[in-house]
Amino acid sequence: MAQQQARGDIARASVDRTRTGQNGGSIGLVLLIAIVLVGAGVGLLLIGRTRAEPYILAFLSVLAMAGVFLLFALAAGMLRVPSKDAASPLIKSLVDGAGEGILVTDPAGRVVYANAAYLRLVEATKTDDVRPVERVFVGDPGVSEAVFRLLKAAREGRRLQEEVRVDSVRGEVGRWLRMRVRPLGEGKREAALTVWSIADVTRELERQENVFQELQHAIDYLDHAPAGFFSVDASGGISYLNATLAEWLEQDLAEVGSGGLRLRDIIAGEGAALVTTLSAAPGEVKTELFDIDLKTRSGRTVPARLYHKVAFGADGTPGASRTLVINRAGDNSSDPLRAAEVRFMRFFQNTPMAIATVDKQGTIVRSNALFARLFNPVLSSPNPPPHSPSQTGVNALLPGEGKGGGSGRSILAVVAERDRAALEAAIGRAADKQGEIDPVDAAVEGTGDRSARFYATAVGEKDQEAAIVYAIETTAQKDLENKFTQAQKMELVGQLAGGIAHDFNNVLGAIMMASDFLVNAHKPTDPSFQDIIQIRQNANRAAAMVRHLLAFSRKQTLRPQVLDLGEVVYDLTMLMRRLIGERITLNVVPQRDLWPVKADLAQFEQVLVNLVVNARDAMSEGGKLTLRTANVGADQSTKLQYKGMPIGEYVLVEVEDTGTGIPPDIIDKIFDPFFTTKDVGKGTGLGLSTVYGIIKQTGGFVYAESQVGKGTTFRIFIPRYIPGADDVQPPQLPETTAPAFAGALSAAEEAKRAAADLTGQGVILLVEDEEGLRALNARGLTSRGYTVIEAGNGVEAMEMLERQGGKVDLVVSDVVMPEMDGPTLLKELRKKNPETKIIFVSGYAEDAFQKSLPDPDDYNFLAKPFTLKQLVAKVKETMASV
């Protein structure tokens with residue numbers, strides 16, 4: 001009894017071994033000393049000055065000695081003056097009566113303070129039993145490790161918390177203690193003291209364990225319930241899937257919540273669009289019912305009914321969903337009506353046609369999964385069209401009916417404003433039970449050039465639903481139709497250009513030949529000489545335009561050769577600097593070890609010059625022009641995904657400027673012939689069409705990308721040339737047409753060509769169906785010393801050859817002629833004399849008739865129009881060849 005009484009007494013008290021706690025001071029003692037001093041002073045005054053003097057000295061001596069002893073006591077620490085921040089009685093009472101044990105120790109580990117709760121926790125029976133924490137639990141290895149970590153944190157001035165289980169010293173059930181350690185304060189003296197707090201958390205942990213067990217039971221019930229459950233986050237990831245649903249779908253629960261399983265992995269077809277495209281008012285909680293197909297890991301489908309609940313935030317964004325899943329696979333055998341319902345809903349949700357039912361005003365009553373996927377972004381627009389109902393929620397669902405995304409909105413919001421009247425009229429006719437309603441082709445509202453075809457039919461006698469609308473997206477079909485139309489247009493324009501070029505070349509050939517005769521017949525001092533020069537220059541300009549038309553129609557004559565495009569770009573650098581001027585900076589970025597390509601050198605130079613000139617015109621205020629070359633491997637071409645360009649290896653030439661850019665509405669037209677945005681007289685509209693035609697005829701591809709105000713980039717892809725074992729580089733013939741660009745030849749080269757001897761001797765059979773052009777060509781050859789025999793077609797040529805006995809040195813023949821064309825004439829000539837030399841002249845490309853000849857190396861070719869100098873040069877070159 002005495003021991004229990006002592007334990008009860010000590011449990012109600014605290015242990016405070018601080019000096020401030022034992023020397024609190026007393027106001028009564030101060031008043032008593034003051035009274036004694038005042039009384040002694042009054043007594044000394046009463047006995048007289050002479051008699052009091054010895055007493056006064058003795059009294060002062062006693063006071064002085066007491067003062068000296070007090071000073072020594074203060075210095076030795078035997079006395080202490082209470083500080084201003086000493087703990088108040090209120091705070092001390094709060095700490096003494098705290099529910100958790102509090103212990104304060106000094107750096108040596110001695111107990112400075114312990115409250116009553118600590119004494120009860122460590123079961124101290126008397127004040128001397130109060131021990132520091134490490135000594136209380138010294139016999140328990142598990143607790144000792146935790147105490148060691150706490151002591152280490154105390155020495156380092158850190159805070160730390162540990163939870164340990166201790167056995168009661170009386171053999172009772174063990175307890176759980178939460179131990180915390182921290183420095184007393186921030187000051188130097190306070191930081192040297194350590195505060196321990198120890199709380200009994202046994203009941204708290206027991207409550208947590210009970211809650212956890214209840215939660216485990218609830219999860220177990222939910223996991224093995226006869227229905228499926230899942231939850232989807234806003235990004236479409238499955239955050240929860242119960243075991244029943246996982247078993248149905250053959251899914252691994254380990255993938256749930258880690259981002260490995262998504263909604264599209266468990267819902268078949270377009271059904272995921274129904275679940276993810278719900279819309280509602282901010283703060284609304286919406287529950288939807290869907291009859292859709294789920295899919296297993298192996299790809300099998302499982303018909304199911306989903307009760308899908310979503311809470312929307314204050315900003316209208318959907319939160320995580322809660323979905324109940326009922327497996328309807330067994331309905332096929334239990335009830336014929338339910339089986340029919342399941343079959344219909346599976347057809348309705350999985351059909352490759354978007355379907356929606358609407359009322360008379362066009363409000364969507366329900367829709368299938370494909371409709372939700374195709375048109376929900378449009379239906380989610382905050383601006384509904386006219387006749388759209390104002391409600392934001394979805395009407396209450398009937399059992400077995402999934403209304404889908406967009407229900408409660410107007411179907412008129414799907415189409416662009418210009419097409420809404422046609423769709424509204426079709427729905428109105430269907431609502432009036434009319435048949436034979438024409439489909440409506442309409443543009444889909446929103447970003448992107450999307451289109452769809454809508455069919456409206458009557459729905460029956462149900463009041464709420466007035467019509468069924470079927471929709472098929474026709475974006476890809478329209479795109480294909482536009483491409484086909486554009487290709488046809490380009491092909492027709494190309495054919496027209498080629499035909500015009502042939503006839504126009506004959507006219508230009510006569511003009512150029514006649515102007516050459518006039519130039520030779522007149523001196524520079526003659527008054528008409530400048531007019532003749534002007535005629536010849538304009539004829540050359542017209543010839544250049546014809547070459548552009550032929551380039552666009554891809555019917556010009558190309559002389560392909562193996563090229564290093566890096567060297568081609570480098571060789572043109574000086575010319576391009578002169579073309580762009582000083583206000584534009586030219587930057588050439590080449591790549592080493594560029595792959596070879598096979599292309600016509602002069603024509604490719606024409607491509608680069610045209611692009612550079614266009615870039616210069618787009619940078620009237622100056623800027624930067626960059627030319628890059630690079631190899632593009634098959635893997636890189638796959639990533640580029642340019643339309644029409646197959647995967648392969650290419651050499652890229654990129655021309656980038658910092659000009660005004662090309663507006664998006666006209667960038668698709670820039671390669672059309674005669675299309676130009678330049679002022680009248682500053683452009684023919686054939687520059688980019690020429691680029692397009694040359695690159696296409698070479699087998700390459702050209703694409704343009706532009707941003708208004710930032711600049712334009714043209715990218716040219718030429719297929720990599722890989723020579724075969726039997727490839728032989730054909731001899732390069734001298735260029736017979738006018739230079740690809742003015743100023744390309746130096747003055748020395750022009751003088752060298754002018755000084756060449758172009759006279760000769762021999763008999764030439766000239767075959768040309770254009771009488772005027774034939775006469776001029778014959779006159780020019782005769783003036784250079786040749787004997788010319790003229791014929792209007794192949795038949796006449798054979799007759800003239802018979803008259804001559806087959807003795808001619810050279811045949812110069814047109815290609816396209818009546819009665820007998822040039823290739824047929826060549827075959828007949830070779831029958832009589834296999835060594836016959838021939839030059840074909842034509843306004844068409846050489847490729848147009850090359851396939852009808854046995855060997856392309858057995859003839860030479862001169863493209864119309866040509867000058868007198870070019871004609872006699874080609875004749876002399878051919879006659880001199882072996």
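When ranked by the protection proxy of mean other Cβ atoms within 10 Å per residue, highest first, what sequence do the peptides 598-608, 106-116, 362-372 form?
Working: 598-608: 22.4, 106-116: 16.8, 362-372: 26.9.
Put in order of decreasing packing, that is 362-372, 598-608, 106-116.
Couplings 3J(HN,Hα) of the stretch 621-631, computed from phi: 9, x, x, 10, 10, 10, 10, 10, 10, 6, 8 Hz, in residue order, whole Hz [Karplus 6.51 cos²θ - 1.76 cosθ + 1.60, θ = phi - 60°; x for Gly and Pro]. Judged by the mean number of other Cβ atoms found within 10 Å, the most tightly packed of the peptides 134-140, 414-420 leads the ranking 414-420, 134-140.
What pairs from Lys598/Lys827; Lys837/Lys874; Lys598/Lys837; Lys827/Lys876 go past 19 Å between their alpha carbons? Check vs 19 Å cut-off fails for Lys598/Lys827; Lys598/Lys837; Lys827/Lys876.
With each label modelled as a point 7 angstrom along the Cα→C-beta vector, the Glu835-Leu45 pair spans 16.7 nm.
Of the listed peptides 95-102, 588-595, 432-439, what is their order by residue-averaged count of other C-beta atoms within 10 Å, with the highest listed first? Each step should come with its number before you reach the end.
Values: 95-102: 16.5, 588-595: 13.6, 432-439: 11.6.
In descending order of packing, they fall as 95-102, 588-595, 432-439.
Note on Val201 and Arg175: the model spin-label points, each 7 Å out from Cα along the C-beta direction, lie 1.5 nm apart. Place a point 7 Å from Cα of Asp129 in the direction of its Cβ. Which residues in the stretch 89-108 have their backbone N less than 18 Å from it? Output list for this probe position: 101-103.
Provide the per residue accessible area, probe 1.4 Å, for the stretch 548-669, rounded to a whole number of square angstrom. Walk me through the numbers before you get to the answer.
Working: 6110 Å² over 122 residues.
With all protein chains present, the stretch 548-669 gives 50 Å² per residue.
For the cross-link pairs Lys669/Lys696; Lys807/Lys832; Lys643/Lys710; Lys483/Lys696, which exceed 20 Å when the distance is taken from alpha carbon to alpha carbon?
Those over the limit are Lys643/Lys710.
Counted by Cβ distance under 13 Å from Thr474, the other residues give a net charge of -3, where Lys and Arg count +1 and Asp and Glu count -1.
The values are calculated or read from the model by the stated rules, or taken from the named source; none is laboratory data. This one's a predicted model, so the numbers in the text were calculated from it and none came from an experiment. Cβ atoms come from the backbone with ideal geometry, glycine included; neighbour counts cover every protein chain shown. Calculation scope for accessible area: heavy atoms of the full protein, side chains included, ligands and nucleic acids excluded. Shrake-Rupley method; radii C 1.70, N 1.55, O 1.52, S 1.80 Å.
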